[in-house]
Amino acid sequence: MYKKLKMPLAGGLIAVISITLVLLGNPANMGFCNACFLRDIAGAFSLHSAALVQYARPEIIGIILGAFIIALVRREFSPKGGSSPVTRFVLGFALMFGALIFLGCPLRMALRIAGGDLNAVVGLFGFIVGIFLGIFFLNRGYTLKRKYEVSKTDGFLVPLAALVLLGILIVVPSILVFSTEGPGSMHAPLWVALVAGLVVGSVGFVRKLCFVAGLRDPVLFRDFSMFSVLAALVIVGIMGNLAFGSFNLGFEGQPVAHTDGLWNFLAMILVGLCSVLLSGCPFRQLVLAGSGSSDAAITVMGMIIGAAVTHNFGMAASGAGVTANGKIGFAVIFSVVIFIAVYNTFVKNEESEKA
């Protein structure tokens, strides 16, 4: 019985932890948002100057260290990398851009749905379209270069960076920038957030959780185990929000969200496509980076720089909607992602056949 329930139990646990974090101070429907929290960390280091979204989120530190610790304990820490690093950086950048147009990663999309946000349901349809678009390329041979074993030093660098950030946050927080209002000023106590991240990162590593796989695997492999994680997360999340009076069904008045359905849809197409091309959602990239993947580390770096650029050039969405710069940026970035997908599916395969 436990074997059948272990995946949905993981989803339910993440929902419970997310709701708890919101009750203790995190923004509503944002117990976890890997894209938003990486954006906040970028702001804490002044990589962008959006005053409302600057905070060194302990949840991200916890996810990385949780995956790292469990990988060591299970003797599964095996640093690898070298698979098209520049391409992965660009795809990470594009993934973050899409998430900041939608205002959330796939995990937050599920948490928003659990909170009654129908804008996130629109985003879900876009996410599914993006995943199917990615599957189209996968089925026709899309691939990035194979990865290789790398030195353990490479594998230790991301967990070490997380430890350094934790040390700064505890010992000399004055060197960081913190929001005094807006979502960045809303957070659970440091140690609670850190422990939450450690637990979720550990579970993510053990169960190989990926929120894009929940909708990709049933199509590609007829495997519904990851889908059960998503379903349990949403169901438990709805129950928890109803219990605490924070379920608000509708489009209007949703926290840290906008009501532009077209751009919620388009943004999540980009997120879904990039996640498939990278073989993992933002959460999966953080877990892999913590457990030794330098490819995932490069992707996370792309996401952080993507967050900085998106905000510095006025392309990030807000509760008021999507900016003109954001719409132009989307057209350019989506075109680049399609080029990457087409080249690594058709052109590279033709070159390999000729060789």
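The values are calculated or read from the model by the stated rules, or taken from the named source; none is laboratory data. Only a predicted model underlies this, so the values are computations on that prediction, with no experimental measurement involved. Every residue, glycine as well, gets a Cβ built from its backbone with ideal geometry; the counts of neighbours run over all protein chains shown.
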Scan the stretch 188-220 for residues that are aromatic (Phe, Trp, Tyr) and closer than 18 Å to VAL271 by Cα and jot them down.
PHE211
Which one is surrounded by the fewest Cβ atoms within 10 Å (Cβ to Cβ) among residues in the stretch 283-319 that are under 20 Å from PHE334 (Cβ atoms) and small (Gly, Ala, Ser)?
GLY314
Could you identify the single residue in LEU262, LEU249 that is aliphatic (A, V, I, L, M), out of contact with any Gly (no Cβ under 9 Å at 6 or more places or on another chain) and surrounded by fewer than 24 Cβ atoms within 10 Å (Cβ to Cβ)?
LEU262
Scan LEU194, LEU144, LEU138 and give me the residue that is in a helix (DSSP H, G or I), touching a Leu at 6+ places or on another chain (Cβ under 9 Å) and farther than 30 Å from ILE19 by Cβ.
LEU138
Which residues, counting only those in the stretch 78-111, are in a loop (DSSP other than H, G, I, E, B) and either under 23 Å from GLY237 (Cβ atoms) or among the aromatic types (Phe, Trp, Tyr) (or both)?
LEU103, GLY104, CYS105
So which residues in the stretch 321-355 are on the phi < 0 side of the Ramachandran plot, at pLDDT 95 or above and outside any helix (DSSP H, G or I), if there are any at all?
VAL322, THR323
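Rundown of residues vs (1) closer than 13 Å to LEU278 by Cα; (2) out of contact with any Gly (no Cβ under 7 Å at 6 or more places or on another chain), yes/no style:
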{"site": "LEU52", "(1), (2)": "no, no"}
{"site": "GLU59", "(1), (2)": "no, no"}
{"site": "ALA71", "(1), (2)": "no, no"}
{"site": "ARG75", "(1), (2)": "no, yes"}
{"site": "GLY92", "(1), (2)": "yes, no"}
{"site": "ARG108", "(1), (2)": "no, yes"}
In the stretch 35-80, what residues are modelled with pLDDT under 95 and under 18 Å from ARG108 (Cα atoms)?
none
Could you tell me whether ALA257 is at pLDDT 95 or above and touching a strand residue (DSSP E or B) at 6+ places or on another chain (Cβ under 8 Å)?
yes
Has the stretch 88-104 got any residue that is within 18 Å of the chain's Cα centre (by Cα), buried (at least 17 other Cβ atoms within 10 Å of the Cβ) and among the β-branched types (Val, Ile, Thr)?
yes
Across the stretch 151-177, what is the number of residues that are within 15 Å of PRO58 (Cβ to Cβ) and crowded, with 16+ Cβ neighbours inside 10 Å?
7
Among the residues of the stretch 197-233, write down those that are assigned to a loop (DSSP other than H, G, I, E, B), over 27 Å from GLY116 (Cα atoms) and at pLDDT 95 or above.
LYS208
Condition first: over 19 Å from LEU230 (Cβ atoms), of a type in the set (D, E, K, R) and touching a helix residue (DSSP H, G or I) at 6+ places or on another chain (Cβ under 7 Å). Can you find one or more residues in the stretch 127-140 that meet it?
yes
Evaluate the stretch 260-271: report whether one residue or more is within 15 Å of the chain's Cα centre (by Cα), at pLDDT 95 or above and closer than 18 Å to PHE89 by Cβ.
yes
Report, by residue number, each residue of the stretch 34-77 that is more than 23 Å from SER202 (Cβ to Cβ), part of a helix (DSSP H, G or I) and small (Gly, Ala, Ser).
ALA42, GLY43, ALA44
